[in-house]
Amino acid sequence: MKSGPNILITGTPGVGKSTLAQQLAERSGLEWINVGDLAKNNNFFDGYDEERGCPILNEDKVLDEMEDMMEEGGKIVDYHGSEFFPERFFDIVFVLRTDNTLLYDRLAARGYQGKKLEENVECEIMAVLLDEAKDSYAEHVVHELFSNTPEDMESNLEKILLWIEAWKKENGV
Ligand code: DAT
């Protein structure tokens, strides 16, 4: 029996996944797993993608590491992708969305430039991560949330906290 729900927070880099996941973990008591950090800390990479300017994730190693954690339950997973996880990992999936001009400024502030900056903004305009989530999970599991302003962040936090409480009640946790 799981100690709590497993939640995936996905979306284009810069939409606010880590900020939301960290605050959610603090306020809910669930555990935050940042997949990028998990891979970095364990060196779950197979080389470097020069074109994209990022290391190549060894997905099998990441999934092996996550298997027991997900079985325990009560995890908030944050990653800019959703299709490589088994569907059974998650009780709910939130896809954060940000207006492209705001996202451009956030990514530029993070030091992204050139092709990497353009490709990520384009990815958001085309709703690539939302489509990926919709293709990978049941319709009722995937929820789109706007993450343009601090008010959006707070309202998203409150919505998810309420959902966690309801899940716990329903599952007798
Ligand atoms: P991600 O983990 O999706 O890459 P992040 O949490 O690191 O994104 O956030 C990127 C930057 O944007 C960071 O400086 C915080 C800011 N930010 C995130 N969500 C926001 C929101 N809803 N309103 C205002 N700023 C936000």
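Please treat every number below as a calculation from the coordinates, not as lab data. These figures come from a predicted structure and were not determined experimentally. All Cβ positions, glycine included, derive from the backbone under ideal geometry; neighbour counts span all protein chains shown.
Within segment 123-157, work out how many residues are within 16 Å of the ligand (Cβ to nearest atom) and free of Cβ contacts under 8 Å to residues at least 12 places away in the same chain.
Total satisfying the criteria: 6.
Could you tell me how many of the residues in segment 146-173 are assigned to a loop (DSSP other than H, G, I, E, B) and touching a helix residue (DSSP H, G or I) at 6+ places or on another chain (Cβ under 9 Å)?
Qualifying residue count for the region: 4.
Quick one: which strands (runs of 3 or more DSSP E) sit completely within segment 9-70 and have at least 3 residues that are within 26 Å of K134 (Cα to Cα) and within 15 Å of the ligand (Cβ to nearest atom)?
31-34
Report yes if D78 is surrounded by fewer than 18 Cβ atoms within 10 Å (Cβ to Cβ) and out of contact with any Asp or Glu (no Cβ under 8 Å at 6 or more places or on another chain), otherwise no.
No: the conditions fail for D78.
For G74, work out the one condition from (1) over 20 Å from K134 (Cβ atoms); (2) in contact with a Gly (Cβ under 8 Å, 6 or more places away or on another chain); (3) within 13 Å of the ligand (Cβ to nearest atom); (4) not hydrophobic (A, V, I, L, M, F, W, C) it doesn't fulfil.
Status for G74: all satisfied but (3).
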